[in-house]
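Asks: Below you will find the structure I want to go over with you.
The values are calculated or read from the model by the stated rules, or taken from the named source; none is laboratory data. These numbers were taken from a predicted model, which means no experiment stands behind them. Here the Cβ positions follow ideal geometry from the backbone for every residue, glycine too, while neighbour counts run over all protein chains shown. These accessible areas exclude ligands, DNA and RNA; they are computed on the full protein's heavy atoms, side chains included. Shrake-Rupley method; radii C 1.70, N 1.55, O 1.52, S 1.80 Å.
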Amino acid sequence: MPITNSPCRCLLFGYHQKQLHSPRGILITAIVCLLSSPTFFASPAKALFTNHKVSKFRYQPFSSSSSSSIMSASSRTSSSDMSAPLPPIVRREEDRFVLAGVLPDDHPLKSKLIRQAQSSTNALLDPPRKISDPYGWLRDEDRTNEEVLDHLKKENAYTEAMTSHLSSFRDQLYQELVSCIQETDYTTPANKEGKYWYYTRTNQGESYALYCRAPYAGDDIAIDWDGTKEAPILPGEEVYLNVNELAKDKSYCSVSSVSVSKSQKLLAYGADYTGDEIYSLYVKNLETGEIVDHDESIECSGRVVWGSDENTVFYVKMDEAHRPYQVYRRVLDGSKRSDELLFQQHDDLFWTSIHRSSDDKYLLIDTSSSETTEVYYLDLTDPNSKLECVAKRRTKVLYDVDHWNGHWVITSNVDGTPNMRLMVCKVGQDESQWKDVTIMENGKEMKLFDGGYDYSLSSVESFEKYLVASGRFQGIPRIWVLEMKDDKEHVTVNKSTLLTFEEDAYDVNVGMNYNFDSEKLVLVYDSLTTPLQSMEIAMMDPNNREKRRVLKAKNVPGYNKSEFDCQRIFVTSRDGKTEIPVSIVYRRDTMEQHVSTGQAVPVHLIGYGSYGTSSEADFSVNRLPLLNRGMVCVVAHVRGGGEMGRQWYEEPNGAKYLCKENTFNDFVDVAKWLLEEKKLTTPSKLSIEGRSAGGLLIGASINQAPEIFGVAILGVPFVDVVATMTDSSIPLTCGEWEEWGNPNEEKYFDYMMGYSPMNNVKAGAKYPACLLTGGLHDPRVQYWEPAKFAAELRHAQDRKSSGPVCLKMDMTAGHFSASDRYKYLKELSFDYAFLLDQLGLTDV
């Protein structure tokens, strides 16, 4: 499915991450929403997603019968520690509430708020149900309310006071993190149509990337670089976009869709300077360096696609709920008075994205909800072509397409298969003509991907003579190279090869491959102990190790692979039958000491478990400061992700809708296995972390079993689930009714209330030390969610036995944290210092 406009609470990382080539030939940065952990993934965030300023009616639907309020008990500290700083006084409005269900006729927003999807047949709550919202006053759509801003500043001041003794330790961690990266570096050059090599560079002391290119002079390039920022990577190098210049005097800067025209003389890109994921569109002449097109009135999602000429670009606009819904065609020479509206999606459940087919023949418009897809196409080679539909939407039928040799190559779960099938039809044929792709094996015709439980297919990318399929088998990412027969009437596979690698567990993805007629395929590969590397394989003989070539291996200063090891094991869940994959990485000497002495070691456990997004067993330089202090890092591949196929995500046995609690149960079960069966650690030495929807996982887990965790980091956490999901004016809400369920409906209300972290903090319980982070301009998880949850934790927990609750709010960023790579590492050092201090590891 398209990655470019994912309507989810996830994180997208840029610098130092795998750069992938999507099935449509779009350069994107790898989404690793499990991944949503800065602990495990090294990079400042770069937003390619969408957003905008939301409606000013953001306090509703709530009702308050009086203005009575009390001060939260969190304003006090225990008598045993009167010297500790006092947390901010947070006003509680006990009679304040949010309504779920049918709004009363006299409600001021009854005509404006959508209460359920157009296609839903579930009964709404009638009469409506009240949801207590004592901290609802913290919600300010405009981010201008002085009382709210003052409170957030006081929260930051309190957090700084609580951690002021860690100032020098933070500096030490920051220096360690910086020392683990090669600051002056470059990405693997990729040839585009025999004209230029394209790559990016980073320079020591500079916060952002430089987009570079050099004239193409044959495939066999030998990079002779002296390692300095002054020296070119390739002869004739030019910097065609310096993001450091764009970011000058700005507190935030993110660029998206950096792409050149067919002639490679023009450059289109989007820029966001606030973190709210609202992008402005720019077109630059690469010969003169001038900006030749920019309209300040255009606010788009960040996706920009070139037409077949130098005069046309396509972009996507958003509605008031930050939903990408309109596709426009813009003519750059000014011959048209206004941009042409090419497509509009009216259904609030559906998000819209654009890309080109791998052969650049078609513009493809994907409009989809979490469960249903519709794809439109426009022939870019025919100026008179009209927009056509590949297949009209059918409820709960997902599909994605690429073009190959006059056919649509389709991945789909049509007919209700648990995973995606690989299918084809001729362009212009409807869905009744879709056929499974087959191959002859031992004289028998076999379906390559039948959508069954064994193989999970995620995407297919087309080349002139090959198809490259990406998916999963036995919980590990896999890539298949399909050698195709030259037949314009039929799609016939001569040979299918599953790529193999030396390590048992790893992460592998298709890399940057610009050229449709290529015989070679670039991959990106890493594992828990192997740093990222890009490699080139011959698609004709893809498993021939002698023909494989490592193009570039990431240099990690000071890292010695022989000092580290990893395991992949399975933990049985509480249901007695589900086996939860768990990845463990550690220093060899740490584990040897534990095995020989039985002494408990500190463990850092992370998870995500939402949207079918997989947490990979990949490498991160950012975990090295933890590992080098004797910590063991663990990834729980809990249900709700896609590690074991879509069945790991979907009902009835995954973790969606009315089985969402499987995500939290799996995580707690893994934690208890580490404590009770593995006996690797103790509660006081067990820290946990999750970000965004992973923050929901952490919030629900500490509510379920607060006594088994010592420290919790909740990054931009989605914790006010029910209140948020009742309100269609909040970005993502409508689209995510197909993820969590809709609490306005009788079917889901009680179940969602049963796990929503904000509504389930245990009164008088001992809670771990908690650090919550947020971004004031975050459109995916609104800043008030971590602010409200921090206040609720302090109010309800046992203050004498519980750890501190600290909130750190970035007043200049959005969902993806700092865009400046050095600022990002400073923020990460703050998180680590808090974590290690609570574990008593600051002197290690």
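Asks: With a Förster radius of 30 Å, plug the Cβ-Cβ distance of residue 119 and residue 387 into 1/(1 + (r/R0)^6) and report the FRET value to the nearest 0.05.
Replies: E(calc), rounded to 0.05, equals 0.85.
Asks: Using the beta-carbon distance between residue 89 and residue 842 and R0 = 30 Å, what value does 1/(1 + (r/R0)^6) give for FRET efficiency, to the nearest 0.05? Intermediate values should be presented prior to the final figure.
Replies: Values: r = 30 Å, r/R0 = 1.00.
The value I calculate is 0.50.
Asks: Would you work out what percent of the accessible area of the stretch 719-844, with all protein chains in place, is carbon or sulfur (probe 1.4 Å)?
Replies: 48 percent
Asks: Per residue of the stretch 433-439, in order, report the coupling 6.51 cos²θ - 1.76 cosθ + 1.60 (Karplus, θ = phi - 60°) as ³J(HN,Hα) in whole Hz, putting x for Gly and Pro.
Replies: Coupling constants for the stretch 433-439: 9, 5, 10, 5, 6, 10, 8 Hz.
Asks: Test of the criteria: in the stretch 459-516, which trypsin sites (Lys or Arg not before Pro) are in a DSSP loop and have at most 10 other Cβ atoms within 10 angstrom of their Cβ? If you can, show how the numbers build up before the last one.
Replies: Details: sites: 465, 472, 478, 485, 488, 495; in loops: 465, 485, 488.
Those that pass, being in a loop and sparsely packed, are 488.
Asks: For the stretch 404-547, how many pairs of lysine residues have a Cα-Cα distance under 19 Å, where the two are 8 or more positions apart or belong to different chains?
Replies: 24
Asks: Residue 379 to residue 179: FRET efficiency via 1/(1 + (r/R0)^6), r the Cβ-Cβ distance, R0 41 Å, to the nearest 0.05?
Replies: FRET efficiency, residue 379 to residue 179: 0.20.
Asks: So, with +1 on the Cβ of K and R and -1 on the Cβ of D and E, and no other charges, what is the size of the charge dipole of the chain about its Cα centre, to the nearest 20 debye?
Replies: Details: 92 positive and 119 negative charges, 243 e Å.
Around 1160 debye, computed over the chain.
Asks: What is the distance in Å between the Cα centres of the stretch 677-720 and the stretch 726-784?
Replies: With the stretch 677-720 and the stretch 726-784 each reduced to a Cα centre, they are spaced 16 Å.
Asks: I've got another one for you. Could you state the angle between the C-alpha long axis of helix 661-672 and the longest principal axis of the C-alpha atoms of the chain, as a value from 0 to 90 degrees rounded to the nearest 10?
Replies: Between the helix axis and the principal axis of the chain, the angle is about 70 degrees.
Asks: Could you point to the label whose value was computed as mean projected area of the Cα convex hull in nm² for the structure here, given [x] 43.0; [y] 35.2; [z] 46.3?
Replies: It is the one labelled [y].
Asks: Same structure, new question: Does anyone have the angle between helix 693-704 and the longest principal axis of the chain? Alpha-carbon axes, 0 to 90°, nearest 10?
Replies: The answer is roughly 30 degrees.
Asks: To continue, here is another question. Find the accessible area per residue for the stretch 589-683; the probe is 1.4 Å, ligands and nucleic acids are left out, and the unit is Å².
Replies: Computed with neighbouring chains in place, this is 28 Å² per residue.
Asks: Give the distance, in whole Å, between the Cα centre of the stretch 630-650 and the Cα centre of the stretch 593-620.
Replies: Spelled out, the Cα-based centre of one part sits 11 Å from the other.
Asks: Where the accessible area of the stretch 277-407 is counted over protein heavy atoms with a 1.4 Å probe, how much of it, in %, is carbon and sulfur?
Replies: Here carbon and sulfur together make up 41 percent of the probe-accessible area.
Asks: Same structure again: Which translational diffusion coefficient, to the nearest whole µm²/s, is obtained for the stretch 391-430 from the Stokes-Einstein equation, given a Kirkwood hydrodynamic radius over C-alpha pairs, 20 °C and 1.002 mPa s?
Replies: 204 µm²/s
Asks: Here's a follow-up. When the label point is put 7 Å from the Cα of residue 488 along its Cα-to-beta-carbon vector, which residues of the stretch 398-439 have a backbone N closer than 14 Å?
Replies: Taking a point 7 Å out along Cα→Cβ of residue 488, the residues of the stretch 398-439 whose backbone N falls under 14 Å are 405-407, 427.
Asks: If the chain between residue 310 and residue 500 were fully stretched, how many nm would it gain, using 0.36 nm times the residue separation less the Cα-Cα distance?
Replies: Between residue 310 and residue 500, full extension yields an extra 64.2 nm.
Asks: With just the Cα atoms defining each centre, how far is the stretch 265-295 from the stretch 560-592? Give it in Å.
Replies: The two parts, judged by their Cα centres, are 45 Å apart.
Asks: Would you please name the GluC sites (Glu not before Pro) within the stretch 250-341 that are DSSP coil residues with at most 13 other C-beta atoms within 10 Å of their C-beta?
Replies: Qualifying residues, ordered by number: 287, 290, 296, 320.
Asks: For a 20 Å ceiling on Cα separation, which of these pairs sit above it: 577/685; 766/826; 192/265?
Replies: Flagged as over cut-off: 577/685; 766/826.
Asks: Any chance you could give the angle, 0 to 90 degrees and rounded to 10, that helix 167-179 forms with the longest Cα principal axis of the chain?
Replies: Compared with the principal axis, the helix lies near 20 degrees.
Asks: With labels modelled as points extended 7 Å from the Cα through the Cβ direction, what inter-label distance (nm, one decimal) is found for residue 562 paired with residue 161?
Replies: 5.2 nm
Asks: Counting heavy atoms of the protein chains only and a 1.4 Å probe, report the per residue accessible area for the stretch 367-447 as a whole number of Å².
Replies: 45 Å²
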